[in-house]
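Notes follow once the structure below has been shown.
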Amino acid sequence: MNRPIRIGLIAEGEAELGASIPYIKPEDGGKVIERNNEGALHTLIRRELKTAGLPDCNFVQRHPSSSESKCSKRRTGHSVLAPKYLAQVVISWKPEEVDMILIVVDADDNLSQRQRDLERALNKIRDNHLDVNEQPINDRSAGGLAIRNFETWLLADTQTVSKFLGVELEQLENLEASDGTKDILEKAITESTDLSEESSNQRPLQIRWDLASQIDLGIIKTCCPNGYAAFTKYLIVAAKVVAELNS
């Protein structure tokens, strides 16, 4: 049986990564993230690998950059795309710590620019992801662009989201062109009685995580063809390379 695939996942913040970001001890860099600290994006990726018949996965925490070490806080937002920062993060991961590297960012209202940014980011990752012989690895990474944001992916299966949260939601047409999906999901979470006993700021993250385990992956691909479907295609291609090497 193949061992779990070790994934270095770079994304913008807590909505995607849950409690694994941003306040992390420097010594936790390179270590496997405990599953109860994962977020919604981790869950979607693990489900996609399972659906494709690939091994399970573990997600590995980023090593801190020099500036992050001083405050025990990892970078969030679009600044994770900064080439210098990405080079530091990727080259800090040892070959035995990560098998593959993924990066997912929001397009927001800057689709063309974000596409260019993501392409540059992937090139930077591939230049700095090195094997045991310090040679670049260019077939074990993938990038995703959430159009317009990560919440759009979570909202795609509107029927399941509505049922799970106990909130009436209108089916949106042409989801990737829709404004306000983040606001719609946040409003639905606020109105929902799910986890109402949980008053901390972790409640919205927990609900996102729960939704990611329930929503229909096929519906997300259908409703988000340019974002989610494209990302998962590249994800599976890279994961198959890793699985074959580990077999």
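The values are calculated or read from the model by the stated rules, or taken from the named source; none is laboratory data. The structure displayed is predicted, hence computed values, not measured ones. When we count neighbours, we look across all protein chains shown, and the Cβ atoms used for this are built from the backbone with ideal geometry, even at glycine. What goes into the accessible areas is simple: the full protein's heavy atoms, side chains included, and nothing from ligands, DNA or RNA. Shrake-Rupley method; radii C 1.70, N 1.55, O 1.52, S 1.80 Å.
Per-structure values
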quantity: Conditions (1) over 20 Å from the mean Cα position of the chain (by Cα); (2) under 21 Å from Ala11 (Cα atoms); (3) open to solvent by less than 60 Å² (accessible area, probe 1.4 Å); number of the one not met by Ala188; calculated: (2)
quantity: Checking Asn2 against (1) farther than 27 Å from Ile147 by Cα; (2) open to solvent by less than 20 Å² (accessible area, probe 1.4 Å); (3) polar (S, T, N, Q), the condition it does not meet; calculated: (2)
quantity: Boolean, Arg74 is open to solvent by 10 Å² or more (accessible area, probe 1.4 Å) and either touching a Pro at 6+ places or on another chain (Cβ under 9 Å) or within 22 Å of Thr232 (Cβ to Cβ) (or both); calculated: no
quantity: Residue list for the stretch 7-51, filter: outside any helix (DSSP H, G or I) and surrounded by 21 or more Cβ atoms within 10 Å (Cβ to Cβ); calculated: Ile7, Gly8, Leu9, Ile10, Ala11, Glu12, Ile21, Ile24, Ile33, Glu38, Gly39
quantity: Residue selected from the stretch 77-118 under the condition more than 25 Å from Ile5 (Cα to Cα) and of a type in the set (A, V, I, L, M), by the criterion least open to solvent (accessible area, probe 1.4 Å); calculated: Ala107
quantity: Candidates Leu155, Leu195, filtered to the one that is hydrophobic (A, V, I, L, M, F, W, C) and without any contact (Cβ under 8 Å) to a residue 24 or more places away in the chain; calculated: Leu195
quantity: Test: residue in the stretch 98-107 that is assigned to a helix (DSSP H, G or I) and modelled with pLDDT of 95 or more; calculated: no
quantity: Failed item, numbered, when Val167 is tested on (1) assigned to a helix (DSSP H, G or I); (2) among the β-branched types (Val, Ile, Thr); (3) farther than 29 Å from Arg114 by Cα; calculated: (1)
quantity: Residue in the stretch 126-149 that is open to solvent by 20 Å² or more (accessible area, probe 1.4 Å), under 20 Å from Ile7 (Cα atoms) and among the β-branched types (Val, Ile, Thr) present; calculated: yes
quantity: Filter result for Asp28 (of a type in the set (Asp, Glu) and modelled with pLDDT of 95 or more); calculated: no
quantity: The stretch 9-51 - residue that is basic (Lys, Arg) and over 28 Å from Arg114 (Cα atoms) and, of those, nearest to the chain's Cα centre (by Cα); calculated: Arg35
quantity: Selection status of Ala121, open to solvent by less than 10 Å² (accessible area, probe 1.4 Å), under 24 Å from Thr222 (Cβ atoms) and touching a strand residue (DSSP E or B) at 6+ places or on another chain (Cβ under 9 Å); calculated: no
quantity: Pairs with Cβ under 6 Å, 6+ apart, first in the stretch 46-66 and small (Gly, Ala, Ser), second open to solvent by 60 Å² or more (accessible area, probe 1.4 Å); calculated: Ser65/Gln88
quantity: Hits in the stretch 52-71 (condition: charged (D, E, K, R), in a helix (DSSP H, G or I) and exposed (fewer than 15 other Cβ atoms within 10 Å of the Cβ)); calculated: Lys70
quantity: Restricting the stretch 226-247 to residues that are hydroxyl-bearing (Ser, Thr, Tyr) and under 24 Å from Ala156 (Cα atoms), the residue that is surrounded by the fewest Cβ atoms within 10 Å (Cβ to Cβ); calculated: Tyr234
